[in-house]
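Enquirer: Sharing a structure here in structure tokens format.
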Amino acid sequence: MIVNRLLNQASTLQRTQEKMTLLSGENFNIFRVLGLETREVRLHSAFLGELLNPAGSHGLRDAFLKLFLEAIGVEGFQTDKARVLVEYDIGRVTTDYLQGGRIDIYLESAGQYLFIENKIYAQDQLNQLERYQAYRKNAHLVYLTLEGTEPTEWGAGKLLPTDYQLFSYRTDIVEWLEKCRQVAVAHPLVRETIVQYQHLINYLTGRAANDFIKMEMHHLVQESEENFVSAYALKQAFEESQAVFIQRLIHQFEEQWNARFSENVSPLPAYPIYFRLHKESYGFRAIKDGQNVPANEEALRPLATLIQNGIPKLKRDSRHYWIAWKWMNNHYFDNLPPADLYRAATNEEARQHLFEERMQEGQVYFDQFKKLMQAGLS
């Protein structure tokens, strides 16, 4: 059967790829070993900011910044005097969400500004790009995502697509990093760290690390009409199976989350508060008479102020029902590599390991919230 033959040939190529990866040592990636692969602030913004910084510890001055400006087509920016900051605070977000926030990567030089909004898996915040432009009207805005996707209307606010530039990890950052690697050829520690980061981006974006194997896969699919049609059928079957696995994991994870965080942590008898999941975020909601209570309910306002001061990483959404909430560091399960997804869906031990990683993230904020509520009563 043609589909079986195609699968066997593809499996052979995949095993060849795995052997080459093992021999090259690509599986050892310090960023993944430390569990930082999806951490936007701790890894991606910090690493990119360090490369872009002319005063960075890499010692190559403004060489990487010049290559980046060339990649985004910005001219006239005085690179030698540039100041680069990560998570730059432009003030508290106002109640109308039109000012304030934190800029992921902030660059300025002689009255020129470049702001990079860096998205790995986090969702847009309300009027995020509009707020950055309001801070500096002449700033060049770059919206960086894994695939170069457009910001949502929620995040862009009133800005038009011409007001910002899309940039992707998959192609743009990968190409820039390769140029950086070549520039750093005489600086082995810098060069090899860039190589490690390149491998991580390939992992996150599903890029084939080996061009030879990638081309062999292409040739296999294009070899005949039967192969081409069979590959399409396999693609459809894969996507449907992937969706089934993801939905199964989400359902099982939500059941375990609700069981683990079933405790009412409210200091107010009339307003029970529970720690809940919502899509790719989690947070605390108050309940009264079986209904969610708006976060701006007068009785809840003192708690909201207490949380804002005590756990600043949690956000408040007064227009909806979240007293305090946060995006998950891990992007649920739809970003898992196929092998990891299959193991999690079919193997209990692998599944529980994956769940526990995400549970531990929430546990930290649950414990902080509970402790804060208890202290607030005393």
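The values are calculated or read from the model by the stated rules, or taken from the named source; none is laboratory data. Every value quoted in this text rests on a predicted model; they were computed, and no experiment measured them. Every residue, glycine as well, gets a Cβ built from its backbone with ideal geometry; the counts of neighbours run over all protein chains shown. Heavy atoms of the whole protein, side chains included, go into the accessibility calculation; ligands, DNA and RNA do not. Shrake-Rupley method; radii C 1.70, N 1.55, O 1.52, S 1.80 Å.
Enquirer: For segment 185-291, what relative contact order do you get, as a whole percent, if you take Cα pairs closer than 8 Å and at least 6 residues apart?
Expert: On the way: 54 pairs, mean separation 11.0, N = 107.
RCO, segment 185-291: 10 percent.
Enquirer: Name the trypsin sites (Lys or Arg not before Pro) in segment 148-190 that are in a loop by DSSP and that have at most 15 other C-beta atoms within 10 Å, would you?
Expert: Values: sites: 158, 170, 179, 181; in loops: 158.
Answer by residue number: 158.
Enquirer: While we're on this one: Which helices of the chain meet both criteria: a Cα extent of 18 Å or more along the helical axis and a mean Kyte-Doolittle score no lower than -1.0, with helices taken as whole DSSP H segments?
Expert: Numbers: long enough: 2-24 (33 Å, -0.27); 188-205 (25 Å, 0.08); 225-260 (52 Å, -0.56); 348-377 (41 Å, -0.97).
Helices passing the filter in the chain: 2-24, 188-205, 225-260, 348-377.
Enquirer: Continuing with the same structure: Could you sort 325, 154 by their accessible area in this structure, using a 1.4 Å probe and putting the largest first? Before the final figure, lay out the partial values.
Expert: Working: 325 35, 154 110 Å².
Heavy-atom accessible area, descending, gives 154, 325.
Enquirer: Once the piece of chain linking residue 263 and residue 160 is laid out straight, how much longer is it, given 0.36 nm per residue of separation minus the C-alpha distance between them? Don't jump to the answer; show the numbers that get you there.
Expert: Values: separation 103, 0.36 × 103 = 37.08 nm, distance 4.49 nm.
Working it through step by step, the gained length comes to 32.6 nm.
Enquirer: How far is it, in nm, from the label point at residue 89 to the one at residue 367 when both lie 7 Å from their Cα along the line to the Cβ?
Expert: With each label placed 7 Å out from Cα toward Cβ, I get 2.6 nm.
Enquirer: Ok, one more. Give the accessible surface of the chain per residue, rounded to a whole number of Å², with probe radius 1.4 Å and ligands, DNA and RNA excluded. Walk me through the intermediate numbers first.
Expert: Values: 20450 Å² over 378 residues.
Heavy-atom accessible area per residue stands at 54 Å².
Enquirer: State to the nearest 20 debye the size of the charge dipole of the chain about its Cα centre, where the only charges are +1 on K and R beta carbons and -1 on D and E beta carbons. Walk me through the intermediate numbers first.
Expert: Values: 41 positive and 48 negative charges, 203 e Å.
Using Cβ point charges on Lys, Arg, Asp and Glu, the chain gives about 980 debye.
Enquirer: In 5 Å bins starting at 0, how do the alpha-carbon pair distances of segment 253-369 split up by percent?
Expert: With 5 Å bins starting at 0, P(r) equals 2, 11, 21, 22, 17, 11, 8, 6, 3, 1.
Enquirer: Tell me the mean residue ellipticity at 222 nm calculated for the chain from its helices only (DSSP H runs of n ≥ 4, each -39500 (n - 2.57), averaged over every residue, nearest 500). Provide the component values of the computation, followed by the final result.
Expert: Details: 13 runs with 181 residues, N = 378.
It lands at -15500 deg cm²/dmol.
Enquirer: Would you indicate which of (i) 23.6, 75; (ii) 29.4, 91; (iii) 20.7, 69 is the value of Rg and Dmax of the Cα atoms in Å derived from the coordinates of this structure?
Expert: (i)
Enquirer: Estimate the FRET efficiency between residue 298 and residue 224 by the formula 1/(1 + (r/R0)^6), using the beta-carbon distance for r and 56 Å for R0, to the nearest 0.05. All intermediate terms of the calculation are to be shown ahead of the outcome.
Expert: On the way: r = 71 Å, r/R0 = 1.26.
Computed FRET efficiency for residue 298 and residue 224 comes out at 0.20.
Enquirer: Contact order normalised by length for segment 269-378, with contacts defined as Cα pairs under 8 Å and 6 or more residues apart; what percent is it?
Expert: Details: 124 pairs, mean separation 24.6, N = 110.
Rounded, it is 22 percent for segment 269-378.
Enquirer: Also, I was wondering about something else. According to a simple spin-label model (label point 7 Å from Cα along Cα-to-Cβ), what is the distance in nm between residue 232 and residue 340?
Expert: Here the modelled spin labels are 3.2 nm apart.
Enquirer: Of the heavy-atom accessible surface of the chain (probe 1.4 angstrom), what whole percent is carbon and sulfur? All intermediate terms of the calculation are to be shown ahead of the outcome.
Expert: Details: 10680 of 20450 Å².
Answer for the chain is 52 percent, counting heavy atoms of protein chains only.
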